[in-house]
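These notes concern the structure reproduced below.
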Amino acid sequence: MTSLDDLPLRPELRGKTAYGAPQLDVRHRLNTNENPHPLPAALLADLGTALAEASRGLNRYPDRDAVALRTDLATYLARTSGVPVGADQVWAANGSNEVLQQLLQAFGGAGRTALGFTPSYSMHPIISAGTGTGWVDGHRRADFTVDAEAAVAQVRAVQPDVVFVTSPNNPTGTAVALETIEALYDATRGMLVVDEAYTEFARPGTRSALTLLAGRPRLVVSRTMSKAFGMAGLRLGYLAADPAVVEAVQLVRLPYHLSSLTQAAARAALAHTDALLAGVDAVKAERDRIVAALPGMGLTSVPSDANFVLFGHFGDAPAAWRALLERDVLVRDVGLPGWLRVTAGTSEETDAFLTALGEIVPVVGAGQGG
């Protein structure tokens, strides 16, 4: 049987494994940070109408520049951030992963380098490898925060072509201070990409990097409709940046990369922004409920601005993961010794998780790892 070793695979891809979280048939699936709430009935009705209308033109190519969708996204960003954002500053693609890939195609590539502060979103180095971009691991403190002074020094030493800052950070959950982002921007001559996939879940007082866009043409803020909007199955991500950045990614995008149906569904969803974002508060309440319950079990968590919680410490996190799975609760082992990550779900899912966790802690132990 043919294996990867038998194929002329690029050397830097040998020994790598594909990205993915376990997709197991369990009752409580809390490992992929999905929004647990179904779409509102009014939106489902409007989606049916919008998709039916778009289907009449499926014999034609979609708007390759998605102008109407980008206009709606710009309106959403301006309304929720208080920052003026024009359609010419917005670009959309198949999930924020394709947005990041296009940025690396445009600004990374052979002979160029990307840097990110790990542990962080694992797709950043994977997409870098896929685009032939060299990857450099940055450093975080033991509490998973970014040391601004050390980070700036590393950026100045490496001089990367692309710097990734995930805020709120995945898998740890905490947002990065805007002052740190400003310092990193000033320290690099390359592009600074702030990945804000979870920003709608941030705690009060947390400001978006959108507020830093003016006068910073090398700054990019990426977002998604997968999390707060509850539309992970739609695959719609977008960025906000200087119009010149949008021009740059258009040089590398595939023609007609967003289908007519995707554009129509996203626009229908954006028309129901208030109803969709109302569910965010419910998710944040469950997140905070998880955080509050952990100390009573001898566990702790990393402060979270996302829809998940990184919790520990376990002497054997994989054993804790297996014990939870045996109780029909699937969480994520992100490979950090002593830690696991759980998505904030419905109140019923939180009940199941906390009950299972209370059962396993006496068995697997707590407060021993880290």
Check on Ala68, without any contact (Cβ under 8 Å) to a residue 60 or more places away in the chain and small (Gly, Ala, Ser): no
Which listed residue, of Val302, Val309, is touching a Lys or Arg at 6+ places or on another chain (Cβ under 9 Å), crowded, with 20+ Cβ neighbours inside 10 Å, farther than 30 Å from Thr131 by Cα and of a type in the set (Val, Ile, Thr): Val309
Condition broken by Asn35, with the remaining ones in (1) outside any helix (DSSP H, G or I); (2) touching a Ser or Thr at 6+ places or on another chain (Cβ under 6 Å); (3) more than 30 Å from Ala110 (Cα to Cα) satisfied: (2)
Considering residues of segment 336-370 that are farther than 20 Å from Glu286 by Cβ and of a type in the set (A, V, I, L, M, F, W, C) only, the residue surrounded by the most Cβ atoms within 10 Å (Cβ to Cβ): Ala366
Verdict on Thr75 being closer than 22 Å to Thr131 by Cβ and not charged (D, E, K, R): no
Residue within segment 219-234 that is over 19 Å from Glu98 (Cα atoms) and of a type outside the set (Asp, Glu) present: no
Pairs with Cβ under 7 Å, 6+ apart, first in segment 15-30 and at pLDDT below 80, second in a loop (DSSP other than H, G, I, E, B): Ala21/Asn31; Ala21/Thr32; Pro22/Asn31
Of all residues making up segment 213-234, the number that are in a loop (DSSP other than H, G, I, E, B) and more than 23 Å from Lys284 (Cα to Cα): 6
Residue tally, condition among the acidic types (Asp, Glu) and under 23 Å from Gln101 (Cα atoms), over segment 161-182: 1
Pair list, Cβ < 6 Å and 6+ apart or interchain, from segment 342-359 residues that are in the same structural domain as Val302 (by TED's automatic domain parsing) to residues that are among the basic types (Lys, Arg) and at pLDDT 95 or above: Ala344/Arg287; Thr350/Arg289; Ala356/Arg327
Looking only at segment 242-270, and only at residues there that are assigned to a helix (DSSP H, G or I) and of a type in the set (Gly, Ala, Ser), the one that is surrounded by the fewest Cβ atoms within 10 Å (Cβ to Cβ): Ala244
Tally, over segment 99-122, of residues that are surrounded by fewer than 19 Cβ atoms within 10 Å (Cβ to Cβ), touching a residue at least 24 places away in the same chain (Cβ under 8 Å) and farther than 17 Å from Asn170 by Cβ: 3
Test: residue in segment 286-306 that is within 15 Å of Asn35 (Cα to Cα), in a helix (DSSP H, G or I) and at pLDDT 95 or above: yes
Whichever residue in segment 312-335 is under 18 Å from the mean Cα position of the chain (by Cα) and in a loop (DSSP other than H, G, I, E, B) and, among such residues, is surrounded by the most Cβ atoms within 10 Å (Cβ to Cβ): Val331
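The values are calculated or read from the model by the stated rules, or taken from the named source; none is laboratory data. Remember, it's a predicted structure, so these values are computed and weren't measured experimentally. Cβ atoms come from the backbone with ideal geometry, glycine included; neighbour counts cover every protein chain shown.
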